[in-house]
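Structure first, commentary second.
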Amino acid sequence: MPAEFKVPLNGNGNGLNGIEVSHGLKVLQEKKKLTMADLTPKELPTWCGGCGDFNILFTIKNALVELDADPANTLLVSGIGCGSKTPHFVKTYGFEGLHGRSLPVATGAKFANHKLDVIVVTGDGDGYGIGGNHLIHSMRRNLDLTHIVQNNEVYGLTKGQYSPTSPPGFKSPSTPQGAIEEPVNPVALGITMGATYVARGYAYEVNHLKQLIAGGIKHKGYALIDVFQPCSTYNKVNTIAWYKEHLYKLEEAGHDPKDKMQAMARAMEGGDKLPIGLFYKEEKPTYEAGLPQLNGVPLSKMDISNIDITPMLERFK
Amino acid sequence: MTVVNDFSWKIAGVAGDGILNAGLMLARTCMRGGLSVFAAAEYPSLIRGGHNHLDVRISGREIYSHTKNITVLVAMNMDSVRKHSRKLLPGGAIIYDGDQLKPTEADIGRDDVKLYPVPLLGLAEKAGGKIMRNVVAMGATLGITGLDLEAFNGVLRDNFGKKKGEAVAQANITAAKLGYDYAVEHYGNDFKFKLQKNEANGHIFLSGNEAIVAGAIKAGCKFFSAYPMTPASSILHGMAANEKAFGMVVKHTEDEIAAVNMAVGAGFAGLRAMTATSGGGFALMVEGLGLAAQTETPLVIVEAQRPGPATGMATHSGQGDLRFVLHASTDEFPRVVIAPGDVNDCFYYTIHAFNIAEKYQLPVIVMTDKYLGESYASAPEFQHHGLRMDRGKLLPDDYLANNGHDYRRYKITEDGVSPRAIPGQPGGAHTASSYEHDEEGFEREEEEIRIAMHDKRFRKLESAARDIPEPQLIGHPKADITFISWGSPKGPIKEAMLMLEKDGIKTNYLQIVYLSPFPAGKVAEVVRHSKRPVIVESNKTSLLNSLVRENCLLDVKDKILRYDGRPFNPEDIYYGIKELLAG
């Protein structure tokens, strides 16, 4: 920051026109515990009544409160989709990028400031369809990111087409004869592709989901949290009633998340009963840990005003 | 008659013959001897085999490009003899392995050149291995030109000593001496083109891509992401090689879409970030380019052109992407497009690209091509101290902590630029959105908000235009011919200007460095006042003239265009002008 820097504020009624910034001034503020109100902006979500996104939004905020997170050091990155509007409704830093491209944006931001808690929110189409390539490579990198996938097994924002997680036979405007492909199995994909925290939650099990999300944020490494949610408008199959009948909790079934083969066996379960909970967790060095330049002060706080390239130019002599 | 320090050397063979490395060592040797050097390579898109050749031009005066005509051809196979001997100047020489190759008069096609067979393989094996044939040929070259081996030995030591150890360096020194002694003994003073050392001048010798790397590092680029693509890959390699020393993160990504989006993410979070690619990769980055524009995130993209469309000619050169880069991505938004023309430009304009990107919070595209990025030139050492890094309206932490309650990331301002907060700063929390948005960043679709935001973004380009230097007309104020060009033809044009000057033809040259915003006023003035403006560029339809027509409502009738994938030679331009003048 050049010393002569002046804050360029033009008349806006805040009485600060032309005020110069005094450098080195430390503002001491008492640290208050984070509350839901701190995280709630004035805008209200515009989702359909009964949409699982409301509960996921509430649960993300709840998890941040439980962790007493620092909103200034929290970054929510999303793509495009109904649920990708989530960052607007959480008063932290946020970035609503392009459809399918949230993971690279989150990755770049994490490199810029590895002390940020970076949470990625995508839908199933965004995360598992158009963003599939980034998903695979982000997981194998094991960056310290928390990826929450709002998985309602259908496209909402574009009005009801089938998604990568729709079951075979799913009829939609783009698949009027019924879907033919096998759906993506996000949990199995996560376990095989190197994610070190793989979980599945359900939007209407908010306390259970909160623990999964808080656990994912605390986990050092890539956390993939697939979240089942009803789409009250376009998915008439996977309704609240359907989920009630089909889900069971791994925690109540004696599952050991350290056992990779057991986790894979649970991931492959289908049919009548589907498990939710923490499938797999592994302690492994993160991608950042392999970069000594990210050991200390975040790169975004480095002074770049006078970098000396003399040693580099020597090599051209 | 002896010709001193006006020398053009070509080595040709198959990939794997060590042609590039050998030629660059010869060039470096001469640069250390105070001579001006330029090296350009041509190679096909494969790993082993094919036809490769490298030109090294050496001169006692400042030079700007390679030339078509050569004085020495080192032919590593018969193909090379047949392809290149017609480019030799009368009295020029072919150095080749006389034990392996028996060129006939039909192969050479002329009788006014010297044949200097040297047992390259035999001498290399004597020195320790056939891989050193190229070094034997270097030694022989020095032997016929009269330069001594001392400087070359130093270059060999620097090249091999650190990486491969003293024994390898010593073997190469032996190989060079065997070639040198053989040439002196057999061809002694026979050759009329000579090289003489000047006083050492402390110049540096590097490629356009290396100069971009140096500029980016100097500018404080802390994040670089890319997917390998010729001719931009050596920027990735250069950044990666310096990653640790300068505390940057360099990421080879899964694809170009990831590369551009990562750079946007890093830029959003406060880093100076860059990505580099060629046309095909840039095609994949197009949506991300719009994302940077819409979220007002500073971003620098290097677009190193090669002929297309699609995969095109992967290892060749062209300037066909101008319109693509100017218009890429949906709707209209401000972008700055900069086209450096030589290694000096590559260094300084890359730094300027970062300053502009951050000051105006918009994407800046640096356009180069294979010829500029992968050719090597000697240049005075960059003046890299005291350059100002302008970070624009990046807000200090203490300001935000005190005044954050009213912070609006996309505040409507007179110059279009809004105060910027980055994640990690208390008081600056906001969400950036790829949707149209209001001052706080919240997505909005109301007409008046859309207009206000769109106008604000465009005001940034007007503000940036005031910060961007006008193109300069160099050469004779009253010229017979006025060259108008952008990018890599700069060097060949300057050489052609010297050639035309000798014939009494007065020329000048307008190099358009900033293509967006287009300097319409200056270009129009030059076109109007020129006796005969001529556009020079490497594409078929004269994209630059289309910009002149669009922005200046003027048409430049005369053009010298080349689109065969090869760079301009000064000779192309010289004869092009001769033809124009002959009518």
Check: Among the helices (runs of 4 or more DSSP H) confined wholly to segment B:472-583, which include 2 or more residues that are under 25 Å from B:Asp6 (Cβ atoms), among the acidic types (Asp, Glu) and not assigned by TED's automatic domain parsing to the domain that holds B:Met367?
Finding: B:490-502, B:570-582
Item checked: Residue among B:Asn189, B:Asn172 that is at pLDDT below 95 and either within 20 Å of B:Tyr96 (Cα to Cα) or surrounded by 24 or more Cβ atoms within 10 Å (Cβ to Cβ) (or both) -> B:Asn189
Next item on the list: With the condition kept exactly as written, say whether any residue in segment B:139-151 is of a type in the set (A, V, I, L, M, F, W, C), over 18 Å from B:Met31 (Cα atoms), surrounded by fewer than 21 Cβ atoms within 10 Å (Cβ to Cβ) and out of contact with any strand residue (DSSP E or B) (no Cβ under 9 Å at 6 or more places or on another chain).
Entry: no
Checklist line | Residue in segment B:220-235 that is surrounded by the fewest Cβ atoms within 10 Å (Cβ to Cβ), counting only those that are in contact (Cβ under 8 Å) with a residue 24 or more places away in the chain and under 17 Å from the mean Cα position of the chain (by Cα) | finding: B:Pro228
Checklist line | Residues satisfying the stated conditions in segment A:76-132, i.e. acidic (Asp, Glu) and surrounded by fewer than 24 Cβ atoms within 10 Å (Cβ to Cβ) | finding: A:Asp117
Next item on the list: Might you check whether a residue that is free of Cβ contacts under 8 Å to residues at least 40 places away in the same chain, in a helix (DSSP H, G or I) and touching a Pro at 6+ places or on another chain (Cβ under 6 Å) occurs anywhere in segment A:273-295?
Entry: no
Check: Considering segment A:223-233 alone, what residues qualify as being part of a loop (DSSP other than H, G, I, E, B) and either within 10 Å of the chain's Cα centre (by Cα) or surrounded by fewer than 24 Cβ atoms within 10 Å (Cβ to Cβ) (or both)?
Finding: A:Ser232, A:Thr233
Note to self: For a quick check of your reading: which helices (runs of 4 or more DSSP H) sit entirely within segment B:247-345 and have at least 3 residues that are touching a helix residue (DSSP H, G or I) at 6+ places or on another chain (Cβ under 9 Å) and within 14 Å of chain A (Cβ to nearest Cβ)?
What the structure shows: B:256-268, B:279-295
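A quick yes/no check of all residues on (1) touching a residue at least 40 places away in the same chain (Cβ under 8 Å); (2) assigned to a loop (DSSP other than H, G, I, E, B); (3) not aromatic (Phe, Trp, Tyr):
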{"residue": "A:Leu34", "(1), (2), (3)": "no, yes, yes"}
{"residue": "A:Glu43", "(1), (2), (3)": "yes, yes, yes"}
{"residue": "A:Asn55", "(1), (2), (3)": "yes, no, yes"}
{"residue": "A:Phe58", "(1), (2), (3)": "yes, no, no"}
{"residue": "A:Ile80", "(1), (2), (3)": "yes, yes, yes"}
Check: Out of (1) within 7 Å of chain A (Cβ to nearest Cβ); (2) part of a loop (DSSP other than H, G, I, E, B); (3) surrounded by fewer than 21 Cβ atoms within 10 Å (Cβ to Cβ); (4) not polar (S, T, N, Q), what's the single condition that is false for B:Asp398?
Finding: (2)
Next item on the list: Report, ordered by the first and then the second residue, all pairs with beta carbons closer than 6 Å, sequence separation of six or more or different chains, a first member in segment B:474-503 that is surrounded by fewer than 18 Cβ atoms within 10 Å (Cβ to Cβ), and a second member that is of a type in the set (D, E, K, R).
Entry: B:His476/B:Lys506; B:Asp480/B:Lys506; B:Asp480/B:Lys531
Check: Out of curiosity, is B:Gly392 on the phi > 0 side of the Ramachandran plot, more than 8 Å from chain A (Cβ to nearest Cβ) and out of contact with any Phe, Trp or Tyr (no Cβ under 8 Å at 6 or more places or on another chain)?
Finding: no
Check: Any residue in segment B:236-245 that is of a type outside the set (Asp, Glu), touching a residue at least 40 places away in the same chain (Cβ under 8 Å), surrounded by 24 or more Cβ atoms within 10 Å (Cβ to Cβ) and under 30 Å from B:Leu547 (Cα atoms)?
Finding: no
Margin query: If a residue must be in a helix (DSSP H, G or I) and over 13 Å from B:Ala75 (Cα atoms), how many such residues does segment B:7-21 contain?
Written below: 2
Check: For B:Lys460, all conditions in the list (1) within 24 Å of B:Arg61 (Cα to Cα); (2) surrounded by 18 or more Cβ atoms within 10 Å (Cβ to Cβ) hold save one; what is the number of the exception?
Finding: (1)
Next item on the list: From the list B:Ala183, B:Ala124, B:Ala137, pick out the single residue that is closer than 24 Å to B:Met78 by Cα and without any contact (Cβ under 8 Å) to a residue 60 or more places away in the chain.
Entry: B:Ala124
Next item on the list: Please go through segment B:185-212 and pick out each residue that is in contact with a Leu (Cβ under 9 Å, 6 or more places away or on another chain) and either on the phi > 0 side of the Ramachandran plot or among the hydrophobic types (A, V, I, L, M, F, W, C) (or both).
Entry: B:Phe193, B:Leu195, B:Ile204, B:Phe205, B:Leu206
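The values are calculated or read from the model by the stated rules, or taken from the named source; none is laboratory data. Nothing here was measured: the structure is a model prediction, and the numbers come from that model. Note that we place each Cβ from the backbone using ideal geometry, even for glycine, and neighbour counts take in every protein chain shown.
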